[in-house]
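As structure tokens, the structure follows; a few thoughts come after it.
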Amino acid sequence: TEVLKAVTTYHHGYRAVFRHEADKRLPLVKIPSLFMAAEPDPLTAFLDDVSGLVPGSEQRLITLEDGLSVRVGAILAFFAP
């Protein structure tokens, strides 16, 4: 429904993302970062590359079958002291 509501403008967000120079901007992030992706997501293929651009970052690859508790657990573990 939301895509249909924005049928004439939804592409603007995609265009902005693909024009963004993440390879130049992400190395400037100076805080701990967590990158998570689920296996069926086509962007999962870029998880290693993206997390490698942020010094000290962590990454988690999850599956949709893992469920919400696994995702929440990964986030909580990241923020645990």
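The values are calculated or read from the model by the stated rules, or taken from the named source; none is laboratory data. Please read these numbers as outputs of a predicted model, since none were measured by experiment. Positions of Cβ are generated from backbone atoms using ideal geometry, with glycine treated the same way; all protein chains shown enter the neighbour counts. Please note that ligands, DNA and RNA were not included when accessible areas were found on the heavy atoms of the full protein model with its side chains. Shrake-Rupley method; radii C 1.70, N 1.55, O 1.52, S 1.80 Å.
Of all residues in the stretch 45-77, those that are under 22 Å from Leu28 (Cα atoms) and crowded, with 16+ Cβ neighbours inside 10 Å total 8.
Here Glu39 passes the criteria (1) open to solvent by less than 50 Å² (accessible area, probe 1.4 Å); (2) touching a strand residue (DSSP E or B) at 6+ places or on another chain (Cβ under 7 Å) except the one numbered (1).
Residues checked against (1) at negative phi; (2) at pLDDT 85 or above:
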residue	(1), (2)
Val3	yes, no
Thr9	yes, yes
His12	yes, yes
Arg25	yes, yes
Ile31	yes, yes
Thr44	yes, yes
Ser51	yes, yes
Gly56	no, yes
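Listed by position, the helices (runs of 4 or more DSSP H) inside the chain whose residues that are in contact with a helix residue (DSSP H, G or I) (Cβ under 8 Å, 6 or more places away or on another chain) number at least 1 are 22-25, 47-53. Within the stretch 2-46, the residues that satisfy the criterion of being of a type in the set (Ser, Thr, Tyr) and either in contact (Cβ under 8 Å) with a residue 12 or more places away in the chain or closer than 27 Å to Val70 by Cα (or both) are Ser33, Thr44.
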